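Enquirer: A single structure is presented below for examination.
The values are calculated or read from the model by the stated rules, or taken from the named source; none is laboratory data. Bear in mind that the values here come from a model prediction, so they are computed numbers and not experimental data. Glycine also receives a Cβ, built like all others from the backbone with ideal geometry; neighbour counts cover every protein chain displayed. For accessibility, only protein heavy atoms count, side chains too; no ligands or nucleic acids. Shrake-Rupley method; radii C 1.70, N 1.55, O 1.52, S 1.80 Å.
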Amino acid sequence: TVHTADGKYYSQQFDDITPRAVNHLSFTTDQASNLWMSTLPGNVYFCMLSTPGAHDACTSSVSVSSAKCQSEDLATLLANGVRAFDLRPQYTSNSESDITLDNLTIYHGMVSTGVKFKDAIDILISFVKDYPSEAVSVIMQKENTKALFSLTDYSETWRASIRECFSDESRSPYIMGSVRGYHTLDDVRGKVSIVSKNPYGNSSNSYRDVVYG
C-alpha cells in the first residue's frame with residue numbers, strides 16, 4: 001500500500017515474489033479510498049484505536065424511517081473508512097424448518113434489513129482480503145423480537161448457526177474471535193474481529209468473546 005502526494009491510497013498484493021532474486025514488478029493504481037489504517041504503526045494496541053463505526057448496520061435499504069440508521073450499504077461504508085459494524089441477526093421465522101444459517105438475517109428491532117448475516121460477513125471478509133492493511137470489527141447481538149411471539153427463542157440454535165458461519169473454511173482464516181488487550185494492529189490486519197453481547201460458543205466455551213453493556 002502506498003500513499004501518494006495527492007492524498008490517496010493505492011494497494012496491490014503480489015503473490016509471485018521469488019526470495020533473494022531480482023523481481024520486476026508492475027504496479028497498477030487501482031484506487032481504494034480511505035485506507036487509513038495503512039498509515040498507522042503496526043505496534044499500536046488495537047484496543048487503543050478510536051474506530052469509526054456504524055450503529056445498526058445494514059439498514060440503508062429499509063423503508064421504516066425509525067429503523068434506518070444509515071443511507072449507505074456495507075460496501076460503501078467500508079470505502080468511506082468505517083471499520084466497526086453493529087450487526088443484529090435473528091431468524092426470519094419461528095418455524096422450526098426455517099431455523100438455519102441461511103435464514104439468519106440482520107434486523108433492527110422488528111424490522112428486517114433483508115441482508116443475510118452470512119452475506120454481511122462475506123462483504124466484510126472480501127474487503128479485508130482485498131485490503132489487508134485494514135482491520136474490521138463486528139459488535140454482534142441476537143435481536144430477539146421474534147421470541148415475543150413464540151415460546152422458544154432458539155438461543156442454542158442461534159449459537160450453532162453463528163458457529164457454522166464462522167467455521168466455514170472460506171471464512172475462518174479471516175475471522176478473529178479472540179481479540180485481547182495485548183493484540184496490536186498488526187495482529188488483526190486482514191481480519192474481521194468478532195465480539196458479541198450474546199454467547200455463541202459450544203458447551204465447552206459457551207461464553208466465547210462475550211461483552212456486556
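Enquirer: Tell me the label-point distance for the pair residue 71, residue 163, using the 7 Å Cα-to-Cβ offset, in nm and rounded to one decimal.
Expert: 4.3 nm
Enquirer: So if we plug the beta-carbon distance of residue 119 and residue 49 into 1/(1 + (r/R0)^6) with R0 = 25 Å, what FRET efficiency do we get, rounded to 0.05?
Expert: 0.40
Enquirer: With θ set to phi - 60°, apply the Karplus curve 6.51 cos²θ - 1.76 cosθ + 1.60 along the range 142-153 and write out the HN-Hα couplings as whole Hz, x wherever there is a Gly or Pro.
Expert: Working through the residues one at a time gives 7, 6, 10, 5, 5, 5, 5, 10, 8, 6, 10, 9 Hz.
Enquirer: Separate question: Rounded to the nearest whole Å², what accessible area per residue is found for the range 57-199 with the 1.4 Å probe?
Expert: About 43 Å² of surface per residue is accessible.
Enquirer: What does a probe at residue 16 reach in the range 109-152, counting residues whose amide N is under 20 Å from the point 7 Å along Cα→Cβ?
Expert: 130
Enquirer: Continuing with this model, one more query. Cα to Cα, under 27 Å, and not fewer than 8 places away if on the same chain: which lysines meet these conditions relative to residue 142?
Expert: Correct list for residue 142: 68, 116, 118, 129, 191, 197.
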